[in-house]
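To start, the structure under review is shown below, and the notes come after it.
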Amino acid sequence: MSGYRSPEEWVESAWQELDAPDTGRRDSCLEVVCDVLETGRLAQADAERAIERLVAVALSDESHTLRESALHAICTATTPYELPYRVVEPLAAGVDGFEPLLLGYVLAVLGSTDDRAVLPVVERFLRHHHPYVRSEAADAVNELRRLRESPGEGAA
């Protein structure tokens, strides 16, 4: 046996380890998932399933470290994968529960969906009291508006 593990096997192994009580170990599992997503070697459907699980971690875990790692992994996945809004929509629904640093990740992810339906969610953060959040919201809005102006791109 060569010891080779497919990207899917790495991700599945990480999910199995995610139930560990040690936050550091759990964070390492999320880093593995992030690394695999960054390669772009998962099939789109497998990547979407991984991202859905990361969204659940970002929304439900009490640890700031784990929530940030999950959101970082989702942001990383926006480069090799096109994320449909339906996959990250729970982030939009829970957007008000994120502190500014994590909110920046959420806005970046929502802006990468290429779905104009997310514009109202993102635009309301253009007036946020935190400059970082305003900047991330502006970047996301600009990305979504750029797609609106480009014929044939983005969601209808």
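The values are calculated or read from the model by the stated rules, or taken from the named source; none is laboratory data. Owing to the predicted nature of the structure, the values given are computational and were not obtained by experimental measurement. With ideal geometry, Cβ positions are generated from the backbone for all residues, glycine too; neighbour counts draw on all protein chains shown. These area figures cover heavy atoms from the full protein model, side chains too; ligands, DNA and RNA do not enter into them. Shrake-Rupley method; radii C 1.70, N 1.55, O 1.52, S 1.80 Å.
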Euclidean distance between Cα centres, segment 77-102 to segment 1-54, Å: 18
Among VAL33, VAL121, VAL57: highest mean-square fluctuation, GNM of the chain, C-alpha pairs under 10 Å: VAL121
Rg/Rh for the chain, where both radii come from Cα atoms and Rh is the Kirkwood radius: 1.00
Highest average packing first - 94-104, 110-120, Cβ atoms within 10 Å: 110-120, 94-104
Descending Cα extents along the principal axes, segment 2-41, whole Å: 29, 22, 12
Net charge, VAL87 excluded, C-beta distance under 14 Å - Lys, Arg +1, Asp, Glu -1: -4
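Where the accessible area of the chain is counted over protein heavy atoms with a 1.4 Å probe, how much of it, in %, is carbon and sulfur?
Details: 3960 of 8070 Å².
Summing carbon and sulfur atoms, their accessible area is 49 percent of the total for the chain.
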Cα point-scatterer Debye curve for segment 77-121, base-10 log of I(q)/I(0) at q = 0.14 Å⁻¹: -0.29
Most mobile of TYR81, TYR105, TYR132 in a GNM of the chain (Cα contacts under 10 Å): TYR132
